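In what follows, a single structure is set out as structure tokens and then discussed.
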Amino acid sequence: MERFSNLVPSFVRSLPDDPEIVEKVVISLWRPAVGEAIAEASRAQSFTGGRLTVGVKDKNWKAQLDSIVPELVAKMNRFLGMSIVRYIEIEAAPELFAVSKED
């Protein structure tokens, strides 16, 4: 059986030229592209004009991922099979990781 990552490039190339669809696909592929360790501490939020915005748990994760942005861009584009991510903006967004408690 063919690996999921091997199927992604042809799927991405077949997408319609619709920015909303491309955004949803890029956001949904953040986790498998960057791996579990990074994905556990980050959430892709938006993708517009080649810029992927990613929220992270705290300022320590922001500093860590800011230092490897070029590698993350390369990893995303390699996974997608085309160079559509031009920049990744990392933002500290602890609210994305807050656990809500039911009363």
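Looking only at the range 48-67, which residues are surrounded by 21 or more Cβ atoms within 10 Å (Cβ to Cβ) and either β-branched (Val, Ile, Thr) or at pLDDT below 95 (or both)? Steps first, answer last, please.
From the range 48-67, those surrounded by 21 or more Cβ atoms within 10 Å (Cβ to Cβ) are 52, 54-56, 61; that's our starting set.
Within the range 48-67, Val54, Val56 meet the criteria.
Within the range 76-90, which residues are surrounded by 15 or more Cβ atoms within 10 Å (Cβ to Cβ) and assigned to a strand (DSSP E or B)?
Within the range 76-90, the subset surrounded by 15 or more Cβ atoms within 10 Å (Cβ to Cβ) is 76-77, 79-81, 84-85, 88, 90.
Those that are surrounded by 15 or more Cβ atoms within 10 Å (Cβ to Cβ) and assigned to a strand (DSSP E or B): Ile88, Ile90.
When restricted to residues that are at pLDDT 75 or above and either surrounded by 14 or more Cβ atoms within 10 Å (Cβ to Cβ) or under 19 Å from Pro94 (Cβ atoms) (or both), the range 9-44 contains 18. When you scan the range 20-39, do you find a residue that is closer than 13 Å to Ile84 by Cβ, touching a strand residue (DSSP E or B) at 6+ places or on another chain (Cβ under 9 Å) and acidic (Asp, Glu), even just one? So far as the range 20-39 goes, yes, one or more of its residues are closer than 13 Å to Ile84 by Cβ, touching a strand residue (DSSP E or B) at 6+ places or on another chain (Cβ under 9 Å) and acidic (Asp, Glu). What's the number of the condition Lys75 fails, among (1) within 18 Å of Glu36 (Cα to Cα); (2) more than 12 Å from the chain's Cα centre (by Cα); (3) not small (Gly, Ala, Ser)? Result: Lys75 fails condition (2) only.
Within the range 55-81, being closer than 22 Å to Asp18 by Cβ and either out of contact with any helix residue (DSSP H, G or I) (no Cβ under 6 Å at 6 or more places or on another chain) or among the charged types (D, E, K, R) (or both) holds for one residue alone: Asn77.
The values are calculated or read from the model by the stated rules, or taken from the named source; none is laboratory data. Keep in mind that this is a model prediction, so the values were computed, not measured. When we count neighbours, we look across all protein chains shown, and the Cβ atoms used for this are built from the backbone with ideal geometry, even at glycine.
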